[in-house]
Structures are given as structure tokens and as C-alpha cells.
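What follows is one structure encoded as C-alpha cells, with my remarks underneath.
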Amino acid sequence: MATDVHRPVIPSPEATGAVGSAQAVHVEGLTRSFDGRAVIDDLRLDVRPGEFVALLGRSGCGKSTLLRILAGLDRDIRGTVLVPRRKAVAFQAPRLMPWKKVWRNVLLGLPGKPQRAVADQALEEVGLSHRSDAWPKTLSGGEAQRASLARALVREPDLLLLDEPFGALDALTRIKAQRLVGELWQRRGCAVLLVTHDVEEAVLLADRVLVMDDGVIAHEQTVDLDRPRDITDPRFAELRAGLLERLGVDTAAEAA
Amino acid sequence: MSISHAPPGPREPDISEISKQGTQHGSQQGPRQGADLDLTPIAPASSRRTRVPRSLRRTTGPLLLLALWQLLSTTGVLTPDVLASPGRIAQVGWDLIADGSLPGAIGTSLRRVAGGLLLGTVIGVGLALASGLFRVGEDLVDAPVQMLRTVPFVGLIPLFIIWFGIGEAPKIAIITLGVTFPLYLNVYAGIRGVDAQLIEAGESLGLSRWGLVRHVVLPGALPGALTGLRYSLGIAWLALVFAEQVNADSGIGFLMVQARDFLRTDVIVVCLIVYAFLGLLADFVVRTLERLLLQWRPTFTGR
């Protein structure tokens, strides 16, 4: 149940809501301005169900704004944005409620009266079941991020939005967390949109890497390497170099 | 006991040995491996001072003061109509407890404080919720409250006596007024100080407006609310003293006013001690509340 309406796609920008069922995210003509300056300008984006998409870009290019819009946290927008009803976000900071124990944080906002077992199962999945009863203040950075991930997964999302979730982790923890996200995605089969500034991370995890610039998707790169991917693979390095160049060229053009 | 890592045996201390030229002294003592440093032991902190435990040392000061007071009283330097002796005060305190007048007075005073505190908490927290949670509430409530806050509440006693007579009502009203403002200010600041990132996270988890208030805003405002409660308790005792010394016929304040008329400094001091103990008790209650309710705080170190 990715999207609600199933109708032939009409190639007309006025036909809002007309989306084929083979999309988990459909964004068209999206514009978001801050004080008259368009951070996102007539953006178009489609994500298939189960697809892992990474969104790269310089800081301030609007990639986090786009994610916040998809999460429904920013509604001062113009254009069409269609997202599945069941979606979840993991932020760069874990944003756990410090006054709730880990398992209560995981269950927070779930409809009905969910049992603790539901939370424990999600925590088990991220390898954190032993900290279920802990206060968030006692978690390490990696543990807190995993708890945040469990909180997102327990919602069984059709779309998982990740806003630089590994940004604040140390290098070793980051490698483990990346691997975990890859495994969870393969197991769950939900669509993932990962906002990051780490090109290697994007190539490692994503089916498709998008580069955002000037408020639009400026470049798109499909990654068809076999999983699990090997950083030392020459094709990996090639893709990585290409994307870096893409980002580098953009900064050079900006400076000129 | 001390363990020295300095090499044993006779050795002339020579600063120049530290430098590289240490070899020329070698003929006298024979050079040890590398430069021969003058090592001094660092004694572990626990071995330095033992003897008197700290808690005992801390009680010595007040006890000495008490002894001095008793000494001055017995030698007649301090006459009873200036300040009664500690022994006399203990005796009077015991008598007052025995004949039931002190427990009665404490009961009356506690009832007044409890009543004022309850009313003040309801009003203060209610107003803070209204102005903290809703824009409209803020616009309507905050300005008047901030204006009223600047009026010294003790100054309202005459007005309250005209309005409420001389019974319990004006006393409870004055305590209520004193309690309301610190609670309002701290709860309001607590609500407005909740981390916007957490609110956003709550939103993204699908919490309703009420869910956000219940699971994010109110717990986040709790530290502020408890600070407010602490201030409020302090002010409640202060207000009680004022209220009871004007026109009371029962309570601790009344006991004091009566004692003043008979120059009974011993009774006055007993009442002051009671006030102090009640204040301590209130503080203890709030600190216990904080320990129970704020265990989650990263800064919490009270265990």
C-alpha cells in the first residue's frame, strides 16, 4: 500500500494526485521558499516502492528541507507531494525523549495501546534489546541512534526517511550502523530516502544516488553493483569519483 | 606508609645530574640507567588526613556557637529579656509541646499553608498552561500576570482584610498570591523552553496535539515546574509569617505575637526554630519529588 490512487499517469502538471501505483514517493513542481528565496524550486522526484535512494548535496542545498517536507514537518509548500501514509523519520540527532525509557520511546505515538513486546522486538532487530529498560541519557551515541532507528521501524513504514543518521557517529560505529541499515532495508523492503553528504555511504547503500543543487535534482546516478558492495571494487571507486567530481564541479561553478 | 620510587642508597642530590652531563659524576657514584632523577612520592589522598570524619567536623561549629550562647546566658551577659538561654528554650519548647499549644499552632499554620499552596498551584499552573500552550492564552494572560507580579503581595494585606474579613480567608489568600507567581513564571518558562527538536520528533511520530502536550511538553516543563514549586514553598512560609502576625488568633505567628507582648523571647525562639524546621521539611519534600520525577535528567546527580 504505497500510494492510494491507481490511475494512468496523465502527463499534465495540473493532474494532482494522479499517480501510478508503482511509486512510493511522487513529487512534482515542489517549491519551498524562505523569505522569498526558493530553496527548493520546481523539484521533481519519484521513488519506487522498496527502492533505496540516497540524496547528496552541499550543505544548504535544500536536501534536509526536502526530507522535512516529505516527513510532513514543513507544509509551507507549493506543488504536489504524495507520500505513503506510513512513513517514519530518523534524524541526525536521535531525538529520544529523555524522560521516557528506551522502550517507551520506541512505542511513542503508535496508535492504540501497544504492548512492550512490540518495542522489544524492534529493539531486538537493531541489536539493542538489552538496553530496553535504560534511560536515553545512559546510551552511547551509536546505541541512541539504533534506538531511534527501532522507533522508526516499529511503525512498519512504507517509506523510511533518514536525515544524515550517521553524521554524528564515530567512524567505526558508522560502518556498523550503515551495515545495519542495509540489512534492515533488505529485510523490510521499504522505500528509503537517505539524506547524506558522504558519497561513499551513498554508493555503498543506494540503488540510486541523486545530487541536489540549486533547489532541484541536478544529477542522477544509478548504482547497479551487486550487494554486498565492496569499497575496493574499481567500479565502486569509479562511481564514487564520478559523483565527487559532480559535486566538486558544482562548487567550482558556484565560486566562479 | 609511603612507597618511594626514588632509588635507595646514599646519593648526593645534584641538579646538574638531570642534564646530559651526568656522566662526569659517574666516577663518584656510578651512573644508574639514564639520567638519575630525584623522585618524590605522591601520597594517596586518603592517607593524608584521617582522624575526624567530615560530618563530625561540620557539626562542631554550630555546637561551639551553642555552647558560647549558653555560656553568655549563664554568666548573665545575655539577659533573658534579650535572648533566652538554649537550655531554657529547650525546656519551654518541651512544655509547649506537652501542653498541646505548639502542635495545635503548627497544625493550624500547616493547614493555612496547604490551603494557600493548593490554591496557588492550581491557579499558577493553570494560567501557565493557558499561556504556555496557546497563543491566545499568552496574549490574554501573560501581560496581566506580569503586571500583577510586580505588586508586592504583602502590601495587599490591608485590602484583603477589607475584602475577606479577619478569618482564615485573607491568610490563605495572601499565601495563594505569593505562591501563584513563581509557579506561573517557572512553568511557563519550562513549557516554552522545551526543545523544538523533540516536539518535531513527536510530530513525526504521529502524536496528536494532546499527545504532544502529554508526552513531550509537560515532561519537558517538569524541571522548571519543580524549581517553581521550590520558590513557591519558600514564599509560602514567608507569606504565612506576615499573614499570621496581622490579626491572628491561632497558629505559630499568633504564638509569637502573644510572646512578644509578654517579652517571652524563649517562646519566640521556639517558634523561629519551628519555622526553620518546617522550611527544611518542605525543601526535603521537593527534593524527594525531584529525585523521583527527574531521574531521567542527564544532569541529575542526586542519587
Conditions (1) away from chain A (no Cβ under 12 Å); (2) without any contact (Cβ under 8 Å) to a residue 40 or more places away in the chain; (3) not small (Gly, Ala, Ser) -> B:Leu218 fails only (1)
Pick from B:Leu96, B:Leu127: which is surrounded by 15 or more Cβ atoms within 10 Å (Cβ to Cβ), modelled with pLDDT under 95 and not hydroxyl-bearing (Ser, Thr, Tyr)? B:Leu96
Could you name every one of the helices (runs of 4 or more DSSP H) located completely within the stretch B:125-218 that has at least 3 residues being closer than 30 Å to B:Thr108 by Cβ and under 25 Å from the mean Cα position of the chain (by Cα)? B:168-192
Would you please list the contacts, defined by Cβ atoms under 7 Å and residues six or more apart or on different chains, that run from a residue in the stretch B:257-277 that is more than 17 Å from B:Phe242 (Cα to Cα) to a residue that is of a type in the set (Ser, Thr, Tyr) and surrounded by fewer than 14 Cβ atoms within 10 Å (Cβ to Cβ)? none
Mind listing just one residue for me: the one in the stretch A:111-137 that is at the interface with chain B (Cβ under 8 Å from one of its Cβ atoms) and assigned to a loop (DSSP other than H, G, I, E, B) and, of those, farthest from A:Val192 (Cα to Cα)? A:Trp135
From the option list B:Leu102, B:Leu183, single residue qualifying as closer than 30 Å to B:Leu66 by Cα, crowded, with 21+ Cβ neighbours inside 10 Å and not small (Gly, Ala, Ser) is B:Leu102
Is it the case, given these coordinates, that B:Leu207 is touching a residue at least 60 places away in the same chain (Cβ under 8 Å) and facing another protein chain (nearest Cβ under 9 Å)? no
Given the conditions (1) modelled with pLDDT of 90 or more; (2) in contact with a Gly (Cβ under 9 Å, 6 or more places away or on another chain); (3) not β-branched (Val, Ile, Thr), which single one is not true for A:Leu67? (2)
Among the candidates B:Leu289, B:Leu281, B:Leu255, single out the residue that is farther than 19 Å from B:Thr108 by Cα and either within 14 Å of chain A (Cβ to nearest Cβ) or not acidic (Asp, Glu) (or both). B:Leu289
For the subset of the stretch B:238-256 comprising residues that are outside any helix (DSSP H, G or I) and in contact (Cβ under 8 Å) with a residue 40 or more places away in the chain, which member is nearest to B:Gly87 (Cα to Cα)? B:Gly251
Count of residues meeting criterion [buried (at least 21 other Cβ atoms within 10 Å of the Cβ) and either modelled with pLDDT under 90 or in contact with a Ser or Thr (Cβ under 9 Å, 6 or more places away or on another chain) (or both)] in the stretch A:181-204: 2
Scanning the stretch A:138-150 for residues that are surrounded by fewer than 22 Cβ atoms within 10 Å (Cβ to Cβ) and within 14 Å of another protein chain (Cβ to nearest Cβ), which turns out farthest from A:Ala177 (Cα to Cα)? A:Thr138
Counted residues, the stretch A:83-105 - those being under 21 Å from the mean Cα position of the chain (by Cα), surrounded by 22 or more Cβ atoms within 10 Å (Cβ to Cβ) and more than 10 Å from every other protein chain (Cβ to nearest Cβ): 1
When you scan the stretch A:65-82, do you find a residue that is outside any strand (DSSP E or B), closer than 20 Å to A:Gly167 by Cβ and more than 14 Å from chain B (Cβ to nearest Cβ), even just one? yes
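The values are calculated or read from the model by the stated rules, or taken from the named source; none is laboratory data. Note that the structure is predicted; figures quoted are calculated from it, not measured. Note: ideal-geometry Cβ built from the backbone for every residue, glycine included; neighbour counts use all protein chains shown.
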